[in-house]
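Visitor: So that we are looking at the same thing, I have put the structure below in structure tokens.
The values are calculated or read from the model by the stated rules, or taken from the named source; none is laboratory data. Because the structure is predicted, anything quoted here is derived from the model rather than measured. No Cβ is skipped: glycine too gets one built from the backbone with ideal geometry, and neighbour counts run over all protein chains shown. Calculation scope for accessible area: heavy atoms of the full protein, side chains included, ligands and nucleic acids excluded. Shrake-Rupley method; radii C 1.70, N 1.55, O 1.52, S 1.80 Å.
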Amino acid sequence: MEGEQPKPLLELRGISKSFGGVAALREVDFTLSEGEIHGLVGENGAGKSTLMKIIAGVHAAYQGRMLLAGQPVSFASARDARDAGIGMVHQELSLVPQLTVAENVFLGAQPLTRFGTVDWPRMRREAARELESLGIDADPAAILGTLPLGLQQLIELARVLFSGARIIILDEPTSALSPPEIERLFSLLRRLRESGRSIIFISHFLDDVLQISDSVTVFRNGRRIAHAAVPTIDKAWLIENMIGRDHGELADSYVNRVELRGRPETDVALEVEGLSLTGAFSDISFRLHSGEVLGIYGFMGSGQLELAKSLFGRRPAERGTLRLAGRPVRLSSTSRARRAGLAFVPESRRSMLFAQEPVYKNVSIAILDHIHRFMLRPARERTIARARIGDLGIRPPSAEIRLGALSGGNQQKVALAKWLTRQPLVLILSEPTRGMDVGAKEDVVRIIRKVRDEGIGVIVISTEPETVLSLADRILVMKKGAMTREFAAQSVGKDELLAAA
Amino acid sequence: MDATARTERRTAGRTRRILKDRLRTIAPFATLVFLVAFFGIASPSFLSFANLQNVLQQISITGIMAVGLTFVILCAEIDLSVAAIANVAGVVIAFFTVQDSSVNIANIPLSGGWAILLGFAASFLLGGVNAAATTMIGLPSFITTLAMLEIGAGICAVLVRGQIAYAVPPLIQTLGSGSIGPVPWIAVMAALVMLISHLVLRYTRFGRYVYMVGGNREAAEYSGVNVRWIVNSVLIISAVCSGFAGMLGVAHFGSAQQNEFDNYLLDSIAAVVVGGTSLFGGSGGIGETIIGLLVLGVLNNGLDHVSIDSFVKILIRGLILLAALIINIYAQRLRESGATA
């Protein structure tokens, strides 16, 4: 297939890269042709980002060779790569929302008058011409932050093009876009292809990848697994290659298949109806029974993390109703949510724990109003903390040690511990096992199962299919802010989850 | 042999870590000891009993304001309106007291108790405005209280109209300028405010929340702590403390007028920070503030006892403040690097 492609513009040969002894890329080859849109897919940690960072000059140290238009190149910095005509549009835009569209297009390269001041009229004129030539309908004088996200993304693309990029890397460009915005982006990409530019399109959204790409490369575990022209492949082929069902790896995928228990015959702990929050999720409805673990899965940016925060009153939803154990509730703040019987462990450890304080204060913070009327009773706090340390197997088993001194897995257990003294009706966990070693992961899974068996309704929200598969009794899939599919009392594998998201 | 060496090294490591952790509190204390020793040797009059009384009196008004500010700074907020609110409370009690016929500021003299109550009510109200603007509208407290500084000055200007009032309610007169035995009442009041605040911060649920909100606001939020309520409370506590300081101050100086406490804003912030309470919130306390007050008090008073060019004194004060701030920030970095390691 690669043989029949026209002039290769960028070639990578035998690229390897490791971080602290862990191989991120192993002997990877990659070829990008002129005037090609090249899709790049793979699970988190498959090596896509590492490879792109090498191409964009972010990682300067690696093994292997890189050829640009047949000439060997090595970039010492992102600046070198940019000067060579390689531009990258990151998932988090690198624009300044407070500045105008024109200023953003020219960011760092404003045209100057002969007195060395910024030549504003010229800047606006040229920005307007540039945007028009790309078919982007935006006023150069508008403040960037006031424009819709999709348009901002196109403007970032315009900036990258304006800096002279021939190769453009797009990282998850569609995750935050609405369907019409995606269509607009795609028509712009096609026009760029016509003009001979080459585009690398990285995405978790396989439908989008298949729609726009000429060919697709699949990565898995730091290796390039497959490459094929788009008309010859479909979504199932991509998923198979991403998670490795073929090539005698059936055993592995068998392990990945899980029998879901489904909904238990218990009361409804939480009923959500028509919950919407602009820019995050819309019309979310589901029921959580007590004594079940409901997994909510979706790619990064699908709105499930925002949903969790919203349920806990951090960013209250704009529309929709919530019922806790049958009673309608309005959760306008986290303290109300806590008193109503909700508990939440956010995805980032920094935002759930007090690193400077001893373990016992971290454990007692959520129940202070139940153990103390007015004066503190530290002895009681310590007793409670020691009980939780014992229950959850927190190491080292000390209530006095400063939390920041614990390992990540143990910090996560402390974050769970603070909600387990007074049992909540509903426990919401966002990415509960992310970044943990196997042992700590197993501990957390065991704790969550135990909590479920005690009759608490648990919601596990994650962007990792393994996490929901290993924990959930029932799985809901979210895609671009909407609930798209439910898996209950059935056998489910990673491939089906990926296909639904 | 080997084992002893290792133990020794470990002990040394631990000592160093404790020193690092405590740098913020040790440094101000060492500064205080040094200043007292220095002025004690440089000037025999410095260590006299009468002068000690002086120092106490001089730091009492700043002290009451600084205590309120300690709550605010522990929450990683700031209150720039303390001096202005003190001024308002002082002017309000004078406004509602019968003045000498030459002073023409009010025609509604109330009994002393009511005037004092109105003084407290005014400071509570202004603190409430600070709180509402900060937590409900979401302005940074730096901006809110900066506006309140102007508003307070404006209220004072409108009430006294450039005049100076001398009479205050008798109770305030006693507390502000009287003394029991050798101890000035105003120092007793300051000590009382400090003691109560210390107990509140160390031993109550509210105090714990203040530290937790200052230590990591987001984590407090995600633990279901009513962060808004805590921030409201500290801003109101600060305003009420300032109001009390202002009322006592008016009696102490024997007059109520515009801009009377302007110097006290920076002094009270300086006292809190020099003492070692973190500007980033979450660590420090009343004990630290007391040390900070004593450092500033000894410095201000001691410089008057040695023969230094009075213009240079201002410079010396500034340099010492800068040093204290640098230590504060440096200690914060050490703490943070220690927390992640």
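Visitor: Looking at B:S278, B:S268, B:S238, which one is open to solvent by less than 10 Å² (accessible area, probe 1.4 Å), in contact (Cβ under 8 Å) with a residue 60 or more places away in the chain, within 13 Å of another protein chain (Cβ to nearest Cβ) and among the polar types (S, T, N, Q)? Walk me through it before giving the result.
Guide: Details: B:S268 fails: within 13 Å of another protein chain (Cβ to nearest Cβ); B:S238 fails: within 13 Å of another protein chain (Cβ to nearest Cβ).
After applying the criteria, what remains is B:S278.
Visitor: Further, regarding this structure: Could you please find all residues in the stretch A:289-317 being away from chain B (no Cβ under 14 Å) and under 24 Å from A:R446 (Cα atoms)?
Guide: Result: A:H289, A:S290, A:G291, A:E292, A:V293, A:L294, A:G295, A:I296, A:Y297, A:G298, A:Q304.
Visitor: Would you mind stating whether B:G284 is surrounded by 14 or more Cβ atoms within 10 Å (Cβ to Cβ) and within 14 Å of chain A (Cβ to nearest Cβ)?
Guide: Values: surrounded by 14 or more Cβ atoms within 10 Å (Cβ to Cβ): yes; within 14 Å of chain A (Cβ to nearest Cβ): yes.
When the stated conditions are applied, B:G284 passes them.
Visitor: Being in contact with a Gly (Cβ under 8 Å, 6 or more places away or on another chain) and among the aliphatic types (A, V, I, L, M) is the filter here; which residues of the stretch B:200-233 pass it?
Guide: If the condition is that a residue be in contact with a Gly (Cβ under 8 Å, 6 or more places away or on another chain) and among the aliphatic types (A, V, I, L, M), then B:V200, B:L201, B:M212, B:V213 are the ones that fit.
Visitor: Out of the helices (runs of 4 or more DSSP H) lying entirely within the stretch A:360-422, which hold 3 or more residues that are among the small types (G, A, S)? Walk me through it before giving the result.
Guide: On the way: elements: A:368-371, A:378-392, A:408-417.
Result: A:378-392, A:408-417.
Visitor: Something else now. Residue by residue through the stretch B:201-226, note down the ones that are more than 8 Å from chain A (Cβ to nearest Cβ) and among the aliphatic types (A, V, I, L, M).
Guide: B:L201, B:V210, B:V213
Visitor: Mind checking which residues of the stretch A:36-93 are assigned to a loop (DSSP other than H, G, I, E, B) and of a type in the set (S, T, N, Q)?
Guide: If we filter the stretch A:36-93 for residues that are assigned to a loop (DSSP other than H, G, I, E, B), which is where we start, we get A:36, A:42-47, A:56-62, A:69-70, A:73-77, A:84-85, A:90-93.
Of everything in the stretch A:36-93, those that are assigned to a loop (DSSP other than H, G, I, E, B) and of a type in the set (S, T, N, Q) turn out to be A:N44, A:S74, A:S77, A:Q91.
Visitor: I'd like the residue in the stretch A:408-418 that is open to solvent by 10 Å² or more (accessible area, probe 1.4 Å) and within 12 Å of chain B (Cβ to nearest Cβ) and, out of all such residues, is farthest from the chain's Cα centre (by Cα).
Guide: So, considering only residues that are open to solvent by 10 Å² or more (accessible area, probe 1.4 Å) and within 12 Å of chain B (Cβ to nearest Cβ), the one farthest from the chain's Cα centre (by Cα) is A:Q411.
Visitor: Hey, any hits in the stretch A:341-359 for a residue that's under 21 Å from A:R446 (Cβ atoms), aromatic (F, W, Y) and not assigned by TED's automatic domain parsing to the domain that holds A:S175?
Guide: Among the residues of the stretch A:341-359, at least one is under 21 Å from A:R446 (Cβ atoms), aromatic (F, W, Y) and not assigned by TED's automatic domain parsing to the domain that holds A:S175, which makes the answer yes.
Visitor: Conditions: (1) in contact (Cβ under 8 Å) with a residue 24 or more places away in the chain; (2) within 8 Å of chain B (Cβ to nearest Cβ); (3) farther than 30 Å from A:L288 by Cα. A:L353 meets all but one. Number of the miss?
Guide: Here A:L353 clears every test but (3).
Visitor: Moving on to the next point. Of everything in the stretch B:307-324, what is exposed (fewer than 14 other Cβ atoms within 10 Å of the Cβ) and part of a helix (DSSP H, G or I)? Give them in sequence order.
Guide: B:S310, B:F311, B:V312, B:I314, B:L315, B:I316, B:G318, B:L319, B:L322, B:A323, listed by residue number.
Visitor: Please go through the stretch A:297-328 and give me each residue that is among the charged types (D, E, K, R) and assigned to a strand (DSSP E or B), ordered by number. Before the answer, list the steps.
Guide: We begin by selecting, within the stretch A:297-328, every residue among the charged types (D, E, K, R); these are A:306, A:309, A:314-315, A:318-319, A:323, A:327.
Across the stretch A:297-328, the qualifying residues are A:R319, A:R323, A:R327.
Visitor: Is there a residue being surrounded by fewer than 17 Cβ atoms within 10 Å (Cβ to Cβ) and within 8 Å of chain B (Cβ to nearest Cβ) anywhere in the stretch A:329-345?
Guide: First, pick out the residues of the stretch A:329-345 that are surrounded by fewer than 17 Cβ atoms within 10 Å (Cβ to Cβ): A:330, A:332, A:339.
Next, only the ones that are within 8 Å of chain B (Cβ to nearest Cβ) stay: A:339.
Yes.
Visitor: To continue, here is another question. What do you reckon, is B:I196 away from every other protein chain (no Cβ under 14 Å), within 26 Å of B:L56 (Cβ to Cβ) and either assigned to a helix (DSSP H, G or I) or at pLDDT 95 or above (or both)?
Guide: no
Visitor: Against the condition open to solvent by less than 10 Å² (accessible area, probe 1.4 Å), of a type in the set (V, I, T), within 11 Å of chain B (Cβ to nearest Cβ) and not in a loop (DSSP other than H, G, I, E, B), how does A:V460 come out, does it pass?
Guide: Working: open to solvent by less than 10 Å² (accessible area, probe 1.4 Å): yes; of a type in the set (V, I, T): yes; within 11 Å of chain B (Cβ to nearest Cβ): no; not in a loop (DSSP other than H, G, I, E, B): yes.
So A:V460 does not fit the description; no.
Visitor: Here are some conditions: (1) crowded, with 18+ Cβ neighbours inside 10 Å; (2) more than 11 Å from chain B (Cβ to nearest Cβ); (3) of a type in the set (G, A, S). A:S285 meets all but one. Which one does it not meet?
Guide: (1)
Visitor: Here's another thing I want to ask about it. I'm trying to understand the selection: among the residues of the stretch A:217-237, which are under 21 Å from the mean Cα position of the chain (by Cα) and not basic (K, R)?
Guide: Of the residues in the stretch A:217-237, the ones under 21 Å from the mean Cα position of the chain (by Cα) are A:217-222, A:235.
Within the stretch A:217-237, A:T217, A:V218, A:F219, A:N221, A:G222 meet the criteria.
Visitor: With the requirement that a residue be open to solvent by 40 Å² or more (accessible area, probe 1.4 Å), over 28 Å from the mean Cα position of the chain (by Cα) and within 20 Å of A:V160 (Cα to Cα), what does the stretch A:53-88 give you?
Guide: A:A69, A:A76, A:D80, A:D83
Visitor: Looking at the stretch A:356-372 only, could you name the residues that are more than 8 Å from chain B (Cβ to nearest Cβ) and either out of contact with any helix residue (DSSP H, G or I) (no Cβ under 8 Å at 6 or more places or on another chain) or closer than 15 Å to B:I230 by Cβ (or both)? Can you show your working first?
Guide: Keep residues of the stretch A:356-372 that are more than 8 Å from chain B (Cβ to nearest Cβ), which gives A:358-360, A:362-364, A:367, A:370-371.
The one that is more than 8 Å from chain B (Cβ to nearest Cβ) and either out of contact with any helix residue (DSSP H, G or I) (no Cβ under 8 Å at 6 or more places or on another chain) or closer than 15 Å to B:I230 by Cβ (or both): A:H370.
Visitor: Where in the stretch A:149-230 are the helices (runs of 4 or more DSSP H), entirely inside, with at least 1 residues that are open to solvent by less than 10 Å² (accessible area, probe 1.4 Å), over 26 Å from A:V105 (Cβ atoms) and at pLDDT 85 or above? Lay out the reasoning, then the answer.
Guide: Numbers: elements: A:149-162, A:179-194, A:206-212.
So the answer is A:206-212.
Visitor: Let me ask something else about it. If I ask for residues that are of a type outside the set (K, R) and either facing chain B (nearest Cβ under 9 Å) or open to solvent by 10 Å² or more (accessible area, probe 1.4 Å) (or both), which ones from the stretch A:373-385 would you list?
Guide: Looking only at the stretch A:373-385, we keep the residues that are of a type outside the set (K, R), and these are A:374-376, A:378-379, A:381, A:383-385.
Within the stretch A:373-385, A:F374, A:M375, A:L376, A:P378, A:A379, A:T383, A:I384 meet the criteria.
Visitor: If I ask for residues that are more than 20 Å from A:V160 (Cβ to Cβ), open to solvent by 50 Å² or more (accessible area, probe 1.4 Å) and among the aliphatic types (A, V, I, L, M), which ones from the stretch A:107-132 would you list?
Guide: Of everything in the stretch A:107-132, just one residue is more than 20 Å from A:V160 (Cβ to Cβ), open to solvent by 50 Å² or more (accessible area, probe 1.4 Å) and among the aliphatic types (A, V, I, L, M), namely A:L112.
Visitor: Looking at A:R485, A:R446, A:R434, can you tell me which residue is part of a helix (DSSP H, G or I) and either at pLDDT 90 or above or within 24 Å of A:L342 (Cα to Cα) (or both)? Spell out how you get there, then give the answer.
Guide: Numbers: A:R485 fails: part of a helix (DSSP H, G or I); A:R434 fails: part of a helix (DSSP H, G or I).
After applying the criteria, what remains is A:R446.
Visitor: Within the stretch A:8-24, is there a residue that is part of a loop (DSSP other than H, G, I, E, B), farther than 30 Å from A:L498 by Cα and in contact with a strand residue (DSSP E or B) (Cβ under 8 Å, 6 or more places away or on another chain)?
Guide: no
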